[in-house]
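Worksheet: one structure, shown below.
The values are calculated or read from the model by the stated rules, or taken from the named source; none is laboratory data. Not measured: the values here are computed from a predicted model. Cβ sites come from the backbone with ideal geometry, for glycine too, and all protein chains shown count toward neighbours. Note: accessible area is taken over every heavy atom of the protein model, side chains too, but ligands, DNA and RNA are not part of it. Shrake-Rupley method; radii C 1.70, N 1.55, O 1.52, S 1.80 Å.
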Amino acid sequence: MPPPDQQLSAEQSRQIADTIREEIARRRMSRQSLAELAKLSLSTLEKVLGGRRPFTLATTVRLEQALGVSLRKAVEAAPVQTPAVNGEIAPDGLGAYSRRAVAWLEGTYVTVRPSFGEKDAIFAYRTEIVWDAAASSLVFRESERQDAAFTQFGEVAVPNQSRHIYLVTNRHGQHRLITVAHLAISGEMYGIITTLLAGRGSLLTPIAAPIAYLPIKVVPNATFGRISSDDPNHALYRQHLRRTTDESFALFLPG
């Protein structure tokens, strides 16, 4: 019988780490919760999942018991593969997720938020979320924006601790942040956007608003731009924006 402190190979450790990330993403549990269930320190769990320390047999057995899955069987059955760049693991600053664990996020979305320039109108545009091999993370890109000069693109963070998704734009230190929750079955995402409102001249004012991401398949005849009340999609878009606040995906406190 192998000793409990026997270290697994780098390839075995990588495959086990991928499986664990998929499990905690699927169950939407935090790493802290998993560490407590497995009776491990959070520091140990972070190091083995981040590839900074190999798995030992004892650590693997504890995680198997905590998750109720056989991690070693998955390793034995897995086909030999050429290691991907960076192991297809996002940087720690974005949540250290694997590509397979967030594949459900990839796709095209109709993005809707209130218009900042016209009362009762809705601003709609397209957002694509894809895996960027060079960055080793998910990235997002906007298009079909009426104000094309303000089109955004950036990184996607998916930390297990908050169970939210963050779309982050950082251009020379100027940030725009979108925080959303994801509905696992239907695929919509609801939350809040914090950005800057362009005013007269060089005036920029911080502004926050509800935002919704709708999988393109749920809006068969999507329209983009500034959507007024006579647009056939106005009622649908308004319904989703109201859901953001009615179901407390985002809260706006009075001053």
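Does ARG163 qualify as being assigned to a loop (DSSP other than H, G, I, E, B) and either surrounded by fewer than 16 Cβ atoms within 10 Å (Cβ to Cβ) or on the phi > 0 side of the Ramachandran plot (or both)?
Answer is yes for this residue.
Considering only segment 111-121, state which residues are in contact with a strand residue (DSSP E or B) (Cβ under 8 Å, 6 or more places away or on another chain) and farther than 17 Å from MET189 by Cα.
SER115, PHE116, GLY117, GLU118, ALA121
Looking at ALA90, ALA135, ALA157, ALA101 in this structure, which one is over 30 Å from SER248 (Cβ atoms) and either touching a Gly at 6+ places or on another chain (Cβ under 8 Å) or modelled with pLDDT under 95 (or both)?
Just a single option satisfies the conditions, and that option is ALA135.
Quickly run through segment 8-45 and pick out the residues that are in a helix (DSSP H, G or I), among the charged types (D, E, K, R) and touching a Lys or Arg at 6+ places or on another chain (Cβ under 7 Å).
ASP18, GLU22
Any residue in segment 40-66 that is within 18 Å of ASP18 (Cβ to Cβ) sitting within a Cβ distance under 9 Å of a residue that is open to solvent by less than 40 Å² (accessible area, probe 1.4 Å) and aromatic (Phe, Trp, Tyr)? List the pairs, counting only those 6 or more apart or interchain.
Hits for this filter: VAL48/PHE55; LEU63/PHE55.
Using beta carbons and a limit of 7 Å, which pairs, at least six apart or on different chains, have the first residue in segment 1-15 and within 17 Å of LEU63 (Cβ to Cβ) and the second one aliphatic (A, V, I, L, M) and at pLDDT below 75?
GLN12/VAL75; GLN15/ALA74; GLN15/VAL75; GLN15/ALA78
Which one is least open to solvent (accessible area, probe 1.4 Å), of the residues in segment 232-255 that are charged (D, E, K, R) and in contact (Cβ under 8 Å) with a residue 12 or more places away in the chain?
ARG238
Please go through segment 205-221 and give me each residue that is part of a loop (DSSP other than H, G, I, E, B) and open to solvent by less than 30 Å² (accessible area, probe 1.4 Å), ordered by number.
Within segment 205-221, VAL219 is the sole residue that qualifies.
Would you be able to say whether some residue in segment 11-22 is over 22 Å from the mean Cα position of the chain (by Cα) and at pLDDT below 80?
Yes, some residue in segment 11-22 is over 22 Å from the mean Cα position of the chain (by Cα) and at pLDDT below 80.
Which members of segment 105-129 meet the condition of being open to solvent by 40 Å² or more (accessible area, probe 1.4 Å) and free of Cβ contacts under 8 Å to residues at least 40 places away in the same chain?
GLU106, LYS119, GLU128
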